[in-house]
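Asks: Structure in structure tokens, see below.
The values are calculated or read from the model by the stated rules, or taken from the named source; none is laboratory data. Only a predicted model underlies this, so the values are computations on that prediction, with no experimental measurement involved. In this analysis, Cβ positions are derived from the backbone assuming ideal geometry, glycine residues included, and neighbour counts consider all displayed protein chains.
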């Protein structure tokens, strides 16, 4: 038997573990760096552990990734914020490695540490790291540096600030597209820390250069940042600098760029204000809604409601609605689906008349769309339309769509519609529900797919909550209990599940009179799976039932099950018996 | 044959209703394209373009006629949707004019004038440089049409094919003067040609491969640029986006480029091996281009045998952990590299290498285990192993023993026994010593695990005495870390 009475040298333990051939052990020891650090104490951690880690980083990427992550939260173990800078060297090395995940994590940790460091420490320690990385020989270092400027800049002195801006400008013109891409994607974050005066001049000229890059991939990232940049500028500067660029981009020959514009346009409208939106951005948006490329139309269609909200109803009706009409019969199902998911939100913007006159026909045609996703997206936003035009107008078209979706061959579609049933029920009211949807809810209990049966049981519970126990007593309970005689045990199991879900809603009396006998009866089932589920259900019923009932009915049944030949049945029966005893004791 | 493709494709191609409303009933000339080159807006003029006339007056020079033909070929057609226009005479005429240009360049005896060269390159740019349409969206209730393995055939290949043919003739032709052409076939032109390698259409990539190869051969001044641009494509593929259709073709071109490198290799070329080629083992799609990659790498080792050590360490760095298919490919490449490896290099990396091989031997995927065992069948590899068996056997032995006891697959079991026998014949004493050591360690295993647990527990206790600056949550952190290191056997 090993003894560890001899004195322990924490670093030696670590060194030993890191030598192990098994990567899992090396990983474990890195994951427990904090333990080693605390055993060492703050000073020795700074003087011994951290230098050791800085030198030992030729392990596998997985280990390095863990190290980069651990070091990010290491400030307490090196003696607090004033010593945080000792953590920078190992992370600096990690942010130059080849593997992207490791670099990203190291940059994240550097940012996390930098954000806590004192201003003069940033100047003394953090900014030199940024500068070294930015002038790194290999592109990985320069890529990493781009993500650090926004942390360094606010604490820098004026001359340093100028230098940092210059360096960033150089990174944006780097020889390697990899670096330019990193600079482009971090520009927004960096710009947010820069003073207005420099923003307008230096940053905007950097932005202009990036938008004219000859690599598609760089321009793309520049567009991605333009909304963020636009929000930083004064509205009039945004109009002067960003607007022309974005209008230009909306006609770029690359569909990816146009796609980005379609995604960003709405935010840009917020930044420039209503007037330029009307004059320049509406035409651009209309062009995107009619783009040749389905991907672009999908992105544009998904923003249609948000866009209309910032327009006057009149403009929306005049310019956007015609496009919406076209999109509702678009050849791409994904475009229609994107439209269907947001179109309901337009109703409040347009007002009741325009909605009934213009929107309703579109809405109805989407509801009858040949693709289930499209119909589903409409139905899921039903509450919104109900607020505007009322359910009467809709119920006629709604029902066939629901029935069809309820029997869709894709089980995920069926699942989605089941999940909307309680919402529909509350919108449609008891009367409509009884006539049309009640039968469907029962039918799902016998679906071929387990997830559907499970959802169906849950659905019954939510309906019972919605319409109350009395209604459930009439419309749910009898039908459910009848199905306990289904010849297939999986369906009987679903019923047991439904019972355990319904019981708390129905209350003690009904549970005792109606539900319990059925469960007790099932304990005689020939299938062991049913029997141990009976045990589970009984356990869940105990808190609801009267003590006397538990004593007289539940317990004897469980005792019988606890002597069953099947081991699982005995196990769950015993579990349930123990639970009974505990509940009795506590009450 | 390709007409069949086009027919098949235009049936599949998305019928867009984008333009101008009610696109269905409108004449074919109005329907927009997904493959057009001029961006988001369709140009009503473009789809039924009146082609300029080629035939001219009597006194026209060769240049005039040539230039007029090139102008004709600058008109683009939309192949994506319309059925009526497919056999339109205009479209047919463009193809014929293109073919006549091919003949013209092929048969020319006196050099093309600068105006002709410039016009040609401009025409290539207009026809070839386009933005590829998005990939078919997978899943989301979509039909089974999104079959990944189905190659995509660009419907406009009808014209593209001849344009590529002409480009190839142009680049190869002795009547095109390099000094003149270099002004137009510049870095930006080449860079956009490289972008086209991402095309979904295998025929296009194949043409590009040949063209790029010829350009690299003919335009010496652009060689450094081409190498740099290709490196950039590879860096991006490896570290950013993981998708590129043309890596195999690029590597094929580079296979012959590398074989042309002068000895001794320049530092720049070695950097390309270490920073671009070896990391190409990482992406999951490595199977798509591994033969070409292996070829490039063996070319390097051929030039400078010392590089084999670098390559082997690279392979070990990117060795797949869970993907058995990839692991088998790696073992295949490893064997090829080992074939070229000389003793001093082998000795430098054999320890980590055979730790990895030992893992492979124990793989529960029998093909991986088998593939690893077959390394012993290779004469050169066997020779390397047998001359270093003092080092290798102790590393391998536990794996052999474990296979012999536990491996489920009969064939793996048999080959394992053979390999064991080989070592036995080589050095009976050492084998028995390894066997003894293995048994001892097996007995001690539980003990060493217990010891590890105690050490960490002890550390934890020590740690608890030390206060930590400004951190209240450390006690929670310690609890969440597992006390016992899971064992991996």
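Asks: Counting just the residues of segment A:99-116 that are buried (at least 23 other Cβ atoms within 10 Å of the Cβ) and without any contact (Cβ under 8 Å) to a residue 40 or more places away in the chain, which one comes out farthest from the other protein chains (Cβ to nearest Cβ)?
Replies: Looking at residues that are buried (at least 23 other Cβ atoms within 10 Å of the Cβ) and without any contact (Cβ under 8 Å) to a residue 40 or more places away in the chain, I get A:114.
Asks: Please enumerate the residues belonging to segment A:427-441 that are over 15 Å from residue A:501 (Cβ atoms) and either assigned to a helix (DSSP H, G or I) or in contact with a strand residue (DSSP E or B) (Cβ under 8 Å, 6 or more places away or on another chain) (or both).
Replies: A:427, A:428, A:430, A:431, A:432, A:433, A:434, A:435, A:436, A:438, A:439, A:440
Every residue, every condition in (1) assigned to a helix (DSSP H, G or I); (2) out of contact with any helix residue (DSSP H, G or I) (no Cβ under 8 Å at 6 or more places or on another chain), yes or no:
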{"position": "A:241", "(1), (2)": "yes, no"}
{"position": "A:252", "(1), (2)": "no, no"}
{"position": "A:260", "(1), (2)": "yes, no"}
{"position": "A:279", "(1), (2)": "yes, yes"}
{"position": "A:286", "(1), (2)": "yes, no"}
{"position": "A:297", "(1), (2)": "yes, no"}
{"position": "A:338", "(1), (2)": "yes, no"}
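Asks: Sort out which residues of segment A:165-202 are farther than 26 Å from residue B:235 by Cβ and either within 14 Å of chain B (Cβ to nearest Cβ) or more than 27 Å from the chain's Cα centre (by Cα) (or both), and write them in order of number.
Replies: Those that are farther than 26 Å from residue B:235 by Cβ and either within 14 Å of chain B (Cβ to nearest Cβ) or more than 27 Å from the chain's Cα centre (by Cα) (or both): A:165, A:191, A:193, A:194, A:195, A:196, A:197, A:198, A:199, A:200, A:201, A:202.
Asks: Okay, moving on. Residue by residue through segment A:249-287, note down the ones that are touching a residue at least 12 places away in the same chain (Cβ under 8 Å) and within 24 Å of residue B:128 (Cβ to Cβ).
Replies: Of everything in segment A:249-287, those that are touching a residue at least 12 places away in the same chain (Cβ under 8 Å) and within 24 Å of residue B:128 (Cβ to Cβ) turn out to be A:249, A:251, A:252, A:254, A:255, A:256, A:257, A:258, A:259.
Asks: So how many residues does segment B:170-205 have that are surrounded by fewer than 19 Cβ atoms within 10 Å (Cβ to Cβ), more than 14 Å from chain A (Cβ to nearest Cβ) and part of a helix (DSSP H, G or I)?
Replies: The number of residues fulfilling the criteria is 9.
Asks: Given the residues A:280, A:291, which is the only one that is over 25 Å from the mean Cα position of the chain (by Cα) and facing another protein chain (nearest Cβ under 10 Å)? Outline the logic, then answer.
Replies: Numbers: A:280 fails: facing another protein chain (nearest Cβ under 10 Å).
It is A:291.
Asks: With respect to residue B:162, determine if the residue is modelled with pLDDT under 90, closer than 26 Å to residue B:115 by Cα and assigned to a helix (DSSP H, G or I).
Replies: Here the answer is yes, as residue B:162 does meet what is asked.
Asks: A further question on this structure: Out of all the residues in segment A:299-332, which are facing another protein chain (nearest Cβ under 9 Å), part of a helix (DSSP H, G or I) and either at pLDDT below 85 or surrounded by fewer than 19 Cβ atoms within 10 Å (Cβ to Cβ) (or both)?
Replies: Passing the criteria: A:322, A:325.
Asks: Follow-up question, since we're still on this one. If I filter segment A:69-81 down to residues being more than 9 Å from chain B (Cβ to nearest Cβ) and closer than 20 Å to residue A:122 by Cβ, which single residue comes out as surrounded by the most Cβ atoms within 10 Å (Cβ to Cβ)?
Replies: That would be A:71.
Asks: Okay, moving on. Are any of the residues in segment A:511-529 under 22 Å from residue A:453 (Cβ atoms) and within 37 Å of the chain's Cα centre (by Cα)?
Replies: Within segment A:511-529 (the criterion being under 22 Å from residue A:453 (Cβ atoms) and within 37 Å of the chain's Cα centre (by Cα)), the answer is yes, since at least one residue qualifies.
Asks: Oh, and also: Does residue A:248 meet the test of being within 14 Å of chain B (Cβ to nearest Cβ) and surrounded by fewer than 18 Cβ atoms within 10 Å (Cβ to Cβ)?
Replies: Values: within 14 Å of chain B (Cβ to nearest Cβ): yes; surrounded by fewer than 18 Cβ atoms within 10 Å (Cβ to Cβ): yes.
Answer is yes for this residue.
Asks: Still on this structure, please answer the following. Go through A:122, A:167, A:151 for me and flag whichever is part of a helix (DSSP H, G or I), under 23 Å from residue A:182 (Cα atoms) and in contact (Cβ under 8 Å) with a residue 40 or more places away in the chain.
Replies: Of the residues listed, the single one that is part of a helix (DSSP H, G or I), under 23 Å from residue A:182 (Cα atoms) and in contact (Cβ under 8 Å) with a residue 40 or more places away in the chain is A:151.
Asks: Moving on to the next point. Considering only residues of segment A:222-234 that are surrounded by fewer than 21 Cβ atoms within 10 Å (Cβ to Cβ) and part of a helix (DSSP H, G or I), which is nearest to the other protein chains (Cβ to nearest Cβ)? It would help to see each step written out before you state the result.
Replies: Looking only at segment A:222-234, we keep the residues that are surrounded by fewer than 21 Cβ atoms within 10 Å (Cβ to Cβ), and these are A:224, A:228, A:231-232, A:234.
When the remaining residues are screened for being part of a helix (DSSP H, G or I), the result is A:224, A:228, A:231-232.
Details: A:224: 14, A:228: 21, A:231: 25, A:232: 27 Å.
Among those residues, the one meeting the criterion is A:224.
Asks: Kindly establish whether residue A:237 is touching a helix residue (DSSP H, G or I) at 6+ places or on another chain (Cβ under 9 Å), modelled with pLDDT under 85 and outside any helix (DSSP H, G or I). First the steps, then the outcome.
Replies: Values: touching a helix residue (DSSP H, G or I) at 6+ places or on another chain (Cβ under 9 Å): yes; modelled with pLDDT under 85: yes; outside any helix (DSSP H, G or I): no.
Considered against the rule, which asks whether it is touching a helix residue (DSSP H, G or I) at 6+ places or on another chain (Cβ under 9 Å), modelled with pLDDT under 85 and outside any helix (DSSP H, G or I), residue A:237 comes out as no.
Asks: Please work out which one of (1) within 14 Å of another protein chain (Cβ to nearest Cβ); (2) crowded, with 23+ Cβ neighbours inside 10 Å is the condition residue A:149 fails and give its number.
Replies: For residue A:149, the exception is condition (1).
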